[in-house]
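Worksheet: the structure to be examined is printed underneath.
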Amino acid sequence: MNKVITEGIVLMPPAFSGGLDVWSSGDGTPGSDTYDGAVNATYVPADADFGGCLELQKTEATQKLRHMGQTPLLPGCYLQIKARVKAVSGALPSVRIAAWAGGSSNSHIGGVLETGPSTVLTSYGEVVEISAIVGTGARGGVDMPWGTTATYGHMGLDLTGATGGVVRIDDIEITDITSAYLRDMLSLVDVTDFGAVGDGSTNDAPAFEAADDAADGRRILVPAGSYYLDDTVSLNHPVVFEGTVNMPTDKMLLLTKSFDFPTYAAAFGDEELGFKKAFQALINNADHESLDLGGRKVSLSGPVDMQAAVPNKASYATRRVIRNGQIEAQSGAAWDTETVTSQATYDPNDSRTLSSVADIANIPVGALVEGSGVGREVYVKSKNTGAGELTLNAPLYDAAGTQVFTFKDFKYMLDFSGFSALSKFGITEVELQCNSHCSAIRLSPAGSVFSLDRCFISRPRDRGISSIGTGCQGILVDNCQFLSSEEPEDVPDRTSVALNVNANDAKLRNNRVTKFRHFALLGGGNNTVAGNHFFQGDSVAGGVRTAGLILASTYCSTTVSDNYIDNCFIEWTNELDPTPDFDTGFSFSALSVSDNVFLSGDIAPWFSYIVVKPHGTGHFLNGVTVSGNKFRSINGSIDRAERVDTSFSDLDFSRSKNVFFEGNTFHNVDAVVANPLRVQHVQSSAAKTWTVDPGDALPFGGRSRGVDSVIALGAITTSGGSSRYAMPYADLGRGNNNDQVDLVWEEPVKGEVQLTMRMDR
């Protein structure tokens, strides 16, 4: 860059031959004395060394020579002032380049250096060249850094030291040497050219903004140093950081054209801080919808409170995404689980509140709640310390009264629970490498459509994704891998859970989940669970298995299809119901389980793939479809594919409605069940009543409640061989288990029939 060439700016002062009326003995400002007619100054037209030159006698302690013209100083420019001087007679003085710094309204800029280095003249007739550089930034070699407020200068020199000597001065030269400070003259704008100091304490925010204003499509360079920015800075050009910046937590660095994690890591000189500041900018910058980690690894020493990184936002509802990288937890005490025990009271009529909570100040929001009558994945959603109340994400099924609860606050790599609500936030193609130190993600208490796509949650210590409220509404988890830290553990010893959902409309699709205690607990309805592979086995012969998928609401309105459910089962429960006994509603209803592969091996024979576990009395099946599934046990058979867990209560099979259990295949499963169920019955001796026994083939051990058809396979005859064509009637709910059907004829007959019976109506 050379402003003389590019913009035609005149820098060079006139030659002394043009007259001394433009050369001042003062500051060079209008009205100051000139050397025109001065007794101590004259023009010498033919000096042997200089040609034309100024001869000047030193009569003042500091003899000034200043050009009265205003030499412009533009932001980012650097000017070199040179002069050649020789002593002629008398005392030998010292000489230095000097200038007067001017700003807007022709005001003097105080507090800046206005003189260059001094040189002592040591002999007569010896030509000495002096020079100095003046510019806006405190760059290496700059003798007079004037900052961005100076717009011009009166340039010249000073004679100092002994008085009385005579010197001759060649014409003063001023040249633009800005190019010496540019690494790439066409592409870089240096912040120090605009007054940035980089000492770690001086406020360099104005200099950064001035550089951005002047960049005009070029890159901004932040050279080595530590730059303090005391306010939000927005840079609208690409930035290269060789130095680092520091700023208050609540102030933002908005890099609109260099918005990626590698740039922020370089800017702040720290990966963790760079990640926080980049996230802060993501939430506050309308120019970008995603933060690209650039394939980099972000190492975290402790949990990241995502809301604390954005103190100006309590909630957010615009689509934003973190993508393309790895976030890794380093070992340290910051990840240790906080455990608090406290007495509290629960009233089922206020089903999501714990009251009279002792030591409530020490109970963290987001802590897991454990206690008698507390279901799985119950968390503290919020607290009112003054009232002594905790609000929970879900009710408790059997905790009425006062007891001591345990609260466990797991530590999460990315903790969004500080937001009151967060919607439309996503993480894509990121590995959350927990390294068994911590959990991965804690969602905000409210919000919708959080998405996780093509991500790895690797080796979480306790939880993969925890929802402590309704921030899971409409959650999307697609094409992800959840890799347990408990793979070596036997199934009963595992405690980790991949994810939980409290609200409705969850979509879990095409994920692979390895050896957690549970894959997912879904507490809401209208869920889609499709195309996943989740497996939870171990090497223990005849071992136990835990639920892979837990459906924790009676009316779940859920589709479970095309999954590979390996050495675990689907558990359907109402453990999040504060009044678990059936009163009103639809009971266990609206579930479709279709076209899944169920596989198990080396397990206890009482294991089943679909388990209904009522926590109260009076419940029944009401709208359930199980079709097209493949049930297979290896290394031993199991009793049945489905069952009711009666640990708390049984189902009322007298009320079963709209249950379809058909089109499934069974291998090494003793009870091949179906509903409707086709049963062939052979009556070898004539009898008026034929008892048809389904032999445990009605789903869930249900009772016979209907017969769709009875068809004779061959002739129905009397004992004498005479054919009969009368129809029998069906007497339902017979036998000890109420699962048999009596066919009653008008007379004793024998023969063979095929009967289609049902456990529902």
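Read-outs throughout are calculated quantities, based only on the coordinates presented, and are distinct from any laboratory measurement. Just so it is clear, the model here is predicted, and its values are computed rather than measured. Here Cβ is always computed from backbone atoms with ideal geometry, including for glycine, and neighbour counts include all displayed protein chains.
So the values come out like this:
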{"item": "Rg/Rh for the stretch 677-758, where both radii come from Cα atoms and Rh is the Kirkwood radius", "result": "0.97"}
{"item": "The stretch 677-758: relative contact order in percent, alpha carbon pairs under 8 Å with at least 6 residues between", "result": "50 percent"}
{"item": "Computed magnitude of the charge dipole of the chain (debye, nearest 20; Cβ of K, R +1, Cβ of D, E -1)", "result": "1800 debye"}
{"item": "5 angstrom amide H check on Asp190, placed H, neighbours 5+ away", "result": "Leu221"}
{"item": "Cα-based helix-to-principal-axis angle, 271-284 vs the chain, degrees rounded to 10", "result": "80 degrees"}
{"item": "Ranking of Tyr124, Tyr379, Tyr397 by count of other Cβ atoms within 10 Å, fewest first", "result": "Tyr124, Tyr397, Tyr379"}
{"item": "Cα-based equivalent ellipsoid, the chain: semi-axes from gyration tensor eigenvalues, Å", "result": "91, 24, 19"}
{"item": "Sum of side-chain charges, Gly147 neighbourhood, beta-carbon under 13 Å (Lys, Arg +1; Asp, Glu -1)", "result": "-2"}
{"item": "Segments 54-64, 586-596 sorted - mean Cβ within 10 Å per residue, highest first", "result": "586-596, 54-64"}
{"item": "Using θ = phi - 60° and Karplus 6.51 cos²θ - 1.76 cosθ + 1.60, couplings along the stretch 359-374 (whole Hz; Gly, Pro as x)", "result": "6, 5, 4, 8, 8, x, 4, x, 6, 6, 9, 10, x, 5, x, 9"}
{"item": "Helical contribution to [θ] at 222 nm, DSSP H n ≥ 4, -39,500 (n - 2.57), averaged over the chain, rounded to 500", "result": "-1500 deg cm²/dmol"}
{"item": "Antiparallel DSSP beta bridges within the chain, percent to nearest 5", "result": "45 percent"}
{"item": "Amide proton proximity set for Gln70, modelled H, under 5 Å, gap of 5+", "result": "none"}
{"item": "Burial ordering of Trp572, Trp100, fewest other beta-carbon atoms within 10 Å first", "result": "Trp100, Trp572"}
